[in-house]
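The values are calculated or read from the model by the stated rules, or taken from the named source; none is laboratory data. This structure is a prediction, so every number in the text was calculated from the model and none was measured. Glycine also receives a Cβ, built like all others from the backbone with ideal geometry; neighbour counts cover every protein chain displayed. For accessibility, only protein heavy atoms count, side chains too; no ligands or nucleic acids. Shrake-Rupley method; radii C 1.70, N 1.55, O 1.52, S 1.80 Å.
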There are 4 protein chains.
Amino acid sequence: MLTYAIAPRSSETNATGHIDHTAIPDWLELARTPIYQLFNPDMSFTTWNTVIRKMTIDYIGQVFHNRKTEVRTVVGEIKNTSFTVKQELWQDETLVAKAVTVIVYFDYANHHKLAIPEAIRTQLLAL
Amino acid sequence: MLTYAIAPRSSETNATGHIDHTAIPDWLELARTPIYQLFNPDMSFTTWNTVIRKMTIDYIGQVFHNRKTEVRTVVGEIKNTSFTVKQELWQDETLVAKAVTVIVYFDYANHHKLAIPEAIRTQLLAL
Amino acid sequence: MLTYAIAPRSSETNATGHIDHTAIPDWLELARTPIYQLFNPDMSFTTWNTVIRKMTIDYIGQVFHNRKTEVRTVVGEIKNTSFTVKQELWQDETLVAKAVTVIVYFDYANHHKLAIPEAIRTQLLAL
Amino acid sequence: MLTYAIAPRSSETNATGHIDHTAIPDWLELARTPIYQLFNPDMSFTTWNTVIRKMTIDYIGQVFHNRKTEVRTVVGEIKNTSFTVKQELWQDETLVAKAVTVIVYFDYANHHKLAIPEAIRTQLLAL
């Protein structure tokens, strides 16, 4: 399991006093950084090779600005050209959101899906 | 069906050349404005009374900055305290994303769900 | 003078109840769209040719979510390779912010400044 | 001098391949966290008591996504009800932006400026 500490931004709160639901996808994406590094080690955008296919977020509880905030990330099913990432958002000892994201290994230049190499598959399973 | 024209922002593109996936929730939220106005006519945050419970986005195609962009919104199932919103994101003649959002009618002061009044239920069905 | 209507987003409010100061640069940028179109008519990023050199924002009053919001834009001094844009943010009948932005005409491929062509100079003055 | 490490987000890049200029105000704000804590120790928004009055950013060089990124912050002049914060944005060994922000000590409930207490003044000078 990967853990990633988030520093909530005051601009991410909204006028109800909590973190706006639109900030959570950014936090989830940051927490997936080690996964993207497996596919694209130097994180250069000229060699970027993954694409988000589907994102589901369950907003379970109110998310606050001044709390210790952590995203916990595991890789779920790995198919031929795509895989699933399961994430939980924790604040202090409370689970406040859960997310499932489907990511496709993708060749931007030729605009088609790629088979996930065995080496990356092994590394994903080891996270 | 509600239609809402979006003005994509250059800050919403990313270095792959397309709109970043994290911008889409903001566009969907803007397009739900007429729905929130049914629950909270003057859109004041001191009387805000809905909360996003779940959001699922299917990213179907690449989303571009300089295209005519429109969100199409319909209300789906209406339960006792929550309802479902179904949205499509179109650019020119292409469907680029689909989303399903579950929204709860919520009393922030007392922190509990509320039954959706019959009058609002009728208005939701008429959108 | 250019005028541009802004649709404030609920995600742009913060927990003090007002629009966060970090949202204003996005609004100013949207309102400069007709200026960028003079330099880059199809607004493609592969031919993008301006860069923000300096931005100053005076936050004069509180900015609200549910108000009629407009940015008023004029071009100020035009130098050899750069020009100044002066903007005002109005909500209803109240001036809430003023901004001055210096923009450079820039060749991204060769990484140097360009002299602003006479034709664009004339169009900037006519805005 | 305060130093604050920034984790650039992929959503903060734009289609020119660099960090969008609108992301920098968010980074500067994060780096001012220790200053806000002097005024509002638990960082609760119900007791929030500062407001941004003016922000000037010099964009000196291109800002990249996958670089070690740090904001360096010092307090400048402290007046009766306001003070100036000077910040530099560094990536690896390169200064890429400079900013000056004027912040007012502010009573949101009664909507007027407050004199900065001597104790906070001393702490600001000691940062």
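Overview of values
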{"item": "Members of segment A:30-42 that are surrounded by fewer than 20 Cβ atoms within 10 Å (Cβ to Cβ) and over 10 Å from the mean Cα position of the chain (by Cα)", "result": "A:37, A:38, A:40, A:41, A:42"}
{"item": "Options D:34, D:25: the member that is part of a helix (DSSP H, G or I) and touching a Pro at 6+ places or on another chain (Cβ under 7 Å)", "result": "D:25"}
{"item": "Subset of segment B:1-24 [free of Cβ contacts under 8 Å to residues at least 60 places away in the same chain, at the interface with another protein chain (Cβ under 8 Å from one of its Cβ atoms) and not charged (D, E, K, R)]", "result": "B:10, B:11, B:13, B:14, B:15, B:16, B:17, B:18, B:21, B:22, B:23"}
{"item": "Condition met for residue C:93 (among the charged types (D, E, K, R), open to solvent by 50 Å² or more (accessible area, probe 1.4 Å), out of contact with any Lys or Arg (no Cβ under 7 Å at 6 or more places or on another chain) and over 22 Å from residue C:3 (Cα atoms))", "result": "no"}
{"item": "Pairs, first more than 9 Å from chain A (Cβ to nearest Cβ) in segment B:28-55, second open to solvent by less than 20 Å² (accessible area, probe 1.4 Å) and part of a helix (DSSP H, G or I), C-beta under 6 Å, six or more apart", "result": "B:38/B:120; B:49/B:39; B:50/B:39"}
{"item": "Candidate set from segment A:59-72 (those that are open to solvent by less than 40 Å² (accessible area, probe 1.4 Å) and in a strand (DSSP E or B)); member that is nearest to the other protein chains (Cβ to nearest Cβ)", "result": "A:59"}
{"item": "Residues within segment A:16-65 that are farther than 18 Å from residue B:16 by Cβ, touching a helix residue (DSSP H, G or I) at 6+ places or on another chain (Cβ under 8 Å) and among the aromatic types (Phe, Trp, Tyr), tallied", "result": "1"}
{"item": "Yes/no for residue A:85 being in a strand (DSSP E or B) and farther than 24 Å from residue B:62 by Cβ", "result": "no"}
{"item": "Residue within segment B:105-113 that is open to solvent by less than 50 Å² (accessible area, probe 1.4 Å), within 13 Å of residue B:35 (Cα to Cα), touching a residue at least 40 places away in the same chain (Cβ under 8 Å) and not basic (Lys, Arg) present", "result": "yes"}
{"item": "Test for residue B:27: is it surrounded by fewer than 21 Cβ atoms within 10 Å (Cβ to Cβ) and of a type outside the set (Val, Ile, Thr)", "result": "no"}
